[in-house]
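Below is one structure, written out as structure tokens; comments come after it.
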Amino acid sequence: MGDFFFFLEVVVGGLLSGVMYTLVALGFVLIFKASGVFNFAQGAMVLFAALTFVGFLEFGLPMWAAFLLALAAMLVLAVAIERTVLRPLVGQDHMILFMATIGLSIFLEGFAQLIWGTKVRGLDLGISDEPIEIGGILISQFDLSAALMAAVLVAVLSAFFSYTKVGRALRAVADDTQAAQVAGVPLGFIWAVVWGAAGFIALVAGLVWGARLGVQFALTLVALKALPVMILGGFNSIAGAIVAGLVIGVSEKLAEIYLGPFVGGGIENWFPYALAIAVLLIRPAGLFGAARIARV
Amino acid sequence: MFYRDAGALKTSYAQEQAIFPVALDRWAVMALVAVGALVVPFVAGPYWLGSILLPCLILSLAAIGLNILTGYAGQLSLGSGAFMAVGAYAAVNLVIRLPGLPFPVSFVLAGMVAGAVGLAFGLLSLRIRGFYVAVATLAAQFLIEWICTHIPWLVLNTPSGVVSTPTLFLFGFGFSSVPSRYLVAFVTVVALAVVAKNLIRSSAGRALMAVRDHETAAELTGVDTTRAKLTAFAVSGFYCGVAGALWAFLYLGNVEIEAFSLHRSFQILFMVIIGGLGSILGSFLGAAFIVLLPVAIANAATLFGEALKPDVLANLELMIFGALIVAFLIIEPNGLARLAVKAKERLRRWPLPY
């Protein structure tokens, strides 16, 4: 019986850490959905957002003000990216855009650390990490709060996509960029909005992950954790990102505990990728991705 | 006026098929190779030879490898560092465990091992496409890093996981001095670059480009896309593997996984982007650019004296790097190689304005 509870604890822990992955993956999916750009800079944006937030906190600002200022910074960044990177590259091959985001991510890493310094900072969001017991299982309070935050975020985003004019324009752009342009959707504005939304997600992810790991350069690596989530769920599906995040979180924890001892541990770096690719071999567009139709 | 292709009558098929049809090009390249082999090692100081030219050459080879895969076959790879690692680990095992083999044979075998590993990951590209392939190569990067650090046999059971490479011997001559190591790298890189250039000009190379430009259309016109993609992965793996072996034996003097991290993969990708996707010349230009840029930035920083602290400088370097990559993609997506072609066009009409 104890074994079963332990198993359950591992599963719940995995689900909750999966939510953290989802949080980062959402930023990727959002941008890919709206502009077909695989934004490698999402990890750097997480770092930038978290550093900015902590930087403002260090000026003695209250948390809400720091959050709003950091959000404003992310929005400015989004507009700047749209102007300087996306607009000149409009119509280029997706690979070129992807590589541009790699350049962007390097730039942002340097920029963020140039402004705010390179030292590791702690971040206390005022949520304790004490585990609480629910139904005989120990659950981390912090993870639970993070999961709730993610749930709210997803709800807000879905509402934004479904019920606002900008959200509908955004889906139109995702569906068919040219048709949307013909119908009068301002593409540059929409892209700025998408990148702004991704910046917002990066800020939330940066806060949650920053509180977990400390605000430091390693936050950019979180993006690498989110990649398997994305490919497992499909690049253009928000639901996919959520489900895949949970699947990866759970399977990673299970593999670490039940498989790790046999192969020498440390498998969490590649196991999610192996899992995601195994699924890709069966469903090449991911679990929820739209099937690609090849045309000549 | 001097540089022209007019009046160069071709009287045989061999002349038609020459890599450099313009006589001046041919002479220039030959002169460059001759200077590189016969003059540079005796003139250049150990710093230039060992710390600038040697890494330039070896990374050019890796860049050619990635260029074949990404620039010609259109399969984005983020795992070149890992394929270099496979080559390096295979080479050190072959050289130490089979001391009877001459080292060029060991290096070719090491390259083949890396090629086989590349092929294995290339199999994934048959089922998945585009960015998914890029992520699959990222998986290769992490998986290979993990394997190299978790199997003691691969590092000859060295507790630290870092194997010092022995001096290479051929016919009783030991390649330990800087100029001799440079020459080994130079000969290898020139030979493999010629092979790559010819591969690209062959029907196999054209098949790669067909897959890059439009996979479905290529398939419909009878190009064996499966074969083309697997060729690209295997050849790319081979080149990266040999580059990894050279990097470990000639440059670092040891084999450790740190030298072949994701950072290295990105560095090689940047060389290919800045040098020019789909250009062998570009691979060299890109490698030279990426190796020289930090040196140039560091030198420029000394002008400011003490004003720039090292950590500020490191971050500035990151920013300049990132901005340059974006700028290159915007201004000249075809990289330095395209600029070289443009310069040649200008030279052809010089001194006339058009």
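The values are calculated or read from the model by the stated rules, or taken from the named source; none is laboratory data. None of the values given here were measured: they were computed from a predicted structure. No Cβ is skipped: glycine too gets one built from the backbone with ideal geometry, and neighbour counts run over all protein chains shown. Surface areas here come from the heavy atoms of the whole protein model, side chains and all, with no ligands, DNA or RNA. Shrake-Rupley method; radii C 1.70, N 1.55, O 1.52, S 1.80 Å.
Taken together, A:I282, A:I238, A:I257 contain a single residue that is out of contact with any Ser or Thr (no Cβ under 6 Å at 6 or more places or on another chain), among the hydrophobic types (A, V, I, L, M, F, W, C), open to solvent by 10 Å² or more (accessible area, probe 1.4 Å) and over 30 Å from A:A174 (Cα atoms), which is A:I257. A Cβ distance below 7 Å, combined with a sequence gap of six or more or placement on separate chains, defines the contacts here; from segment A:91-104, residues that are at the interface with another protein chain (Cβ under 7 Å from one of its Cβ atoms) reach no residue that is among the polar types (S, T, N, Q) and open to solvent by 40 Å² or more (accessible area, probe 1.4 Å). Note on segment B:281-290: among residues that are open to solvent by less than 40 Å² (accessible area, probe 1.4 Å) and either in contact with a Ser or Thr (Cβ under 9 Å, 6 or more places away or on another chain) or at pLDDT below 85 (or both), the one that is nearest to B:I58 (Cα to Cα) is B:A287. The set of residues in segment A:184-198 that are open to solvent by less than 20 Å² (accessible area, probe 1.4 Å) and aromatic (F, W, Y) contains only A:W195.
Among all positions in segment B:278-300, there is at least one residue which is assigned to a loop (DSSP other than H, G, I, E, B), under 19 Å from B:L66 (Cβ atoms) and within 12 Å of chain A (Cβ to nearest Cβ). Name the single residue, out of those in segment B:104-131 being open to solvent by less than 30 Å² (accessible area, probe 1.4 Å) and within 14 Å of another protein chain (Cβ to nearest Cβ), that is modelled with the lowest pLDDT. Of everything passing the filter in segment B:104-131, B:F131 is modelled with the lowest pLDDT. Close contacts from segment A:222-244, counting a first residue that is of a type in the set (S, T, N, Q) and a second that is at pLDDT below 85, with Cβ to Cβ under 7 Å and a gap of 6+ residues or different chains, come to A:N236/A:V29; A:N236/A:F32; A:N236/A:K33; A:N236/A:G289; A:N236/A:A290; A:S237/A:V29; A:S237/A:F288; A:S237/A:G289.
Has segment A:260-275 got at least one residue that is at pLDDT 80 or above, open to solvent by less than 20 Å² (accessible area, probe 1.4 Å) and not small (G, A, S)? Checking segment A:260-275: at least one residue is at pLDDT 80 or above, open to solvent by less than 20 Å² (accessible area, probe 1.4 Å) and not small (G, A, S).
A Cβ distance below 9 Å, combined with a sequence gap of six or more or placement on separate chains, defines the contacts here; from segment B:1-12, residues that are touching a residue at least 40 places away in the same chain (Cβ under 8 Å) reach residues that are open to solvent by 70 Å² or more (accessible area, probe 1.4 Å) and among the aromatic types (F, W, Y) in the pairs B:M1/B:W350; B:Y3/B:W350. Restricted to segment B:1-120, the set of helices (runs of 4 or more DSSP H) holding at least 2 residues that are of a type in the set (A, V, I, L, M) comprises B:23-34, B:40-43, B:54-66, B:80-97. The residue list A:T84, A:T101 contains one member that is crowded, with 17+ Cβ neighbours inside 10 Å and either modelled with pLDDT of 85 or more or within 30 Å of B:G71 (Cα to Cα) (or both), which is A:T101. Whenever a residue of segment A:254-281 is more than 9 Å from chain B (Cβ to nearest Cβ), its partners that are polar (S, T, N, Q) and open to solvent by less than 40 Å² (accessible area, probe 1.4 Å), lying with C-beta atoms within less than 7 angstrom and at least six residues away or across chains, give the pairs A:L275/A:S251. Being small (G, A, S) and either open to solvent by less than 30 Å² (accessible area, probe 1.4 Å) or within 13 Å of chain A (Cβ to nearest Cβ) (or both) is the filter here, so list the residues in segment B:188-233 that pass it. B:A193, B:A196, B:G205, B:A207, B:A210, B:A217, B:A218, B:A228, B:A232 - these are the residues of segment B:188-233 that are small (G, A, S) and either open to solvent by less than 30 Å² (accessible area, probe 1.4 Å) or within 13 Å of chain A (Cβ to nearest Cβ) (or both). Taking B:V272, is it buried (at least 24 other Cβ atoms within 10 Å of the Cβ), in a helix (DSSP H, G or I) and in contact (Cβ under 8 Å) with a residue 40 or more places away in the chain? Against the criterion (buried (at least 24 other Cβ atoms within 10 Å of the Cβ), in a helix (DSSP H, G or I) and in contact (Cβ under 8 Å) with a residue 40 or more places away in the chain), B:V272 qualifies.
Yes/no matrix, rows are residues, columns are (1) over 8 Å from the mean Cα position of the chain (by Cα); (2) at pLDDT 80 or above:
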position	(1), (2)
A:D3	yes, no
A:G18	yes, yes
A:L30	yes, yes
A:N39	yes, yes
A:Q42	no, yes
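Apart from one condition, A:V204 fits all of (1) closer than 19 Å to A:L16 by Cα; (2) free of Cβ contacts under 8 Å to residues at least 60 places away in the same chain; the exception is (2). Across segment B:132-173, what is the total count of residues that are at the interface with chain A (Cβ under 8 Å from one of its Cβ atoms) and either in a loop (DSSP other than H, G, I, E, B) or of a type in the set (D, E, K, R) (or both)? Residues that pass the stated criteria total 1.
When segment B:309-352 is filtered for residues that are away from chain A (no Cβ under 11 Å), over 30 Å from B:G74 (Cβ atoms) and not in a helix (DSSP H, G or I), the ones remaining, listed by number, are B:W350, B:P351, B:L352.
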